[in-house]
């Protein structure tokens, strides 16, 4: 079975009347609903000309129906293209122009703007409550659709990652990538049909879309479906859950809630954290409060999950654990030679979970793979004597804030186009809630007057909210080394507080 949906269907048809999930508003859906609704959406998209291999771009608010649309694409052999709901017009225009989707699904209020850039694609709408043109069209379609017989190397999704030069890259993810990674995680993290996953992650990000959803769907676990992370609602439903997956922000916010204690999560067997570094102080405070250690792991859009602390055994704070079964991980030097434990170097990976390359970027793809077939992650790390990996830095100054990747160059390109800005530098500083906070240092042109509120306001019109800096520092000169390169490490040290 090459198609990921075929594996999900086996679980769905085992007992169609069994509950699949309950929403934060009390709506209930069965496995039979999953099977019939995904068929209806597949038929609705096919009616408008979507065929096997065509891209379907989706920028909608999280809902159960959005999950069914994703499964419909898998089922029919369409290529799913999730887009962050925070993306603005210029960003959307690039993604649509690059991926050339046959269909676009957007929020009802965005229809006019999306149609203006659709370039021949059919535009459908879907609201948070399941309303919209696609929902209406699906209701008129048959609840039966054959599973597309695609090769295991067929594309299942394209995930756009931030680009260091301002141009995002579309990671091509195959059915084989998804199936192999999901199977490993279900076994490694001990998922069974008795589990209840509290799903509060967004569905435009691989953490919520692939990691969390696939673990539940392949194991037959139930889900408590939250449209967004709200500490009070999570606290309300935690006593009914056995697993919570989150970004570090989830845990810092839960720790600030008085009701978050051992009693409230007595039935939770596993807390997983990823998508951003988990501060050691959060790891320790959580263990002291709850009596459990958070399981931290390491993954990326191009490969799903790569390493993990163990389900049973020592979970080391400050590390992301050991390579998952089927994953090869090495720390290498500048010549791509493996380094010994204790030596810091570039993290490189190999395995069935690793993507096939970047959409429309064959040269970039070749650059990112070594001669012997290892993918260069761009991260810097070190193995300890027990084989646990620690991420000690990120190449090219990647910032991870609230679980989202932000590359400074993209923001700097916008900043440098603003009136009165001579040059800029974007960097991350530690933040207790977001992991890292995007921070900007700006040098004004001679005679120009710049203000923090004006710069932030200008950036909000051009960038997704998570890319907008938390702080703007206006300075006379940027610190540079003898070669004239901006020393962002100096800026980070100066403004870390």
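Each reported figure results from applying straightforward, stated rules to the coordinates on display, with no laboratory input. Quick caveat, the model's predicted, so the values are computed rather than measured. Because the Cβ atoms are built from the backbone with ideal geometry, glycine has one as well, and the counts that use them run over all protein chains shown.
Using alpha carbon centroids, what distance separates region 220-284 and region 119-198, in Å?
Using only Cα atoms, the two centres lie 24 Å from each other.
Rank these for me by crowding, 350, 14, going from fewest to most other beta carbons within 10 Å.
14, 350
Jot down the per residue volume, in cubic angstrom and as a whole number, of the convex hull over the alpha-carbon atoms of region 4-228.
Once divided by residue count, the hull of region 4-228 is 116 Å³.
Cut-off is 10 Å between beta-carbons; in what order do 243, 144, 206 appear when sorted fewest neighbours first?
Starting with the residue having the fewest Cβ neighbours, the order is 144, 243, 206.
Given 10 Å bins starting at zero, what is the percent of C-alpha pairs of region 33-157 in each, up to the one with the largest pair distance?
14, 50, 31, 5
Quick one: P(r) of region 411-486 from all Cα-Cα pairs, 10 Å bins, percents rounded to integers, in order of increasing distance.
Whole-percent P(r) values from 0 Å outward: 18, 52, 26, 4.
Just to be sure I understand the model, the point goes 7 Å from the Cα along the line to the Cβ. What's the resulting residue 337 to residue 457 distance in nm?
Result: 5.8 nm between the two label points.
Over the Cα atoms of region 270-396, each weighted equally, I'd like the Debye log10 I(q)/I(0) at q = 0.13 Å⁻¹, rounded to two decimals.
Rounded to two decimals, the profile gives -0.54.
Roughly speaking, what is the stretch gain from residue 448 to residue 129, that is 0.36 nm per residue apart minus the C-alpha to C-alpha distance, in nm to one decimal?
110.1 nm
Within region 330-351, what residues put their amide N at less than 16 Å from the label point 7 Å along the Cα-to-Cβ vector of residue 384?
341-344
Can you tell me, using C-alpha contacts under 8 Å and at least 6 residues apart, the relative contact order of region 398-494 as a whole percent?
Reported as a whole number, the value is 26 percent.
If packing is taken as the average number of other Cβ atoms within 10 Å across a peptide's residues, how do 310-319, 225-234 rank, most packed first?
225-234, 310-319
Among (i) 20; (ii) 25; (iii) 36, find the value of percent of Cα pairs over 40 Å apart that was calculated from the structure presented, and write down its label.
Given (i) 20; (ii) 25; (iii) 36, the calculated one carries the label (i).
If each residue of separation counts as 0.36 nm, what is the full-extension length gain between residue 371 and residue 312 once their alpha-carbon separation is subtracted?
17.6 nm
Arranged by the count of other C-beta atoms within 10 angstrom, fewest first, what order do 400, 8 take?
The order, fewest Cβ neighbours first, is 400, 8.
For the chain, what is the relative contact order in percent, using Cα pairs closer than 8 Å and at least 6 residues apart in sequence?
Relative contact order of the chain: 12 percent.
Give the Rg (one decimal place) followed by the Dmax (whole number) of region 365-497, computed from C-alpha coordinates and expressed in Å.
For region 365-497, the Cα-based Rg and Dmax read 16.9, 58 Å.
Report the extension gain between residue 392 and residue 493 in nm, rounded to one decimal, defined as 0.36 nm multiplied by the number of residues separating them, less their alpha carbon distance.
Gain in length upon complete extension: 34.8 nm.
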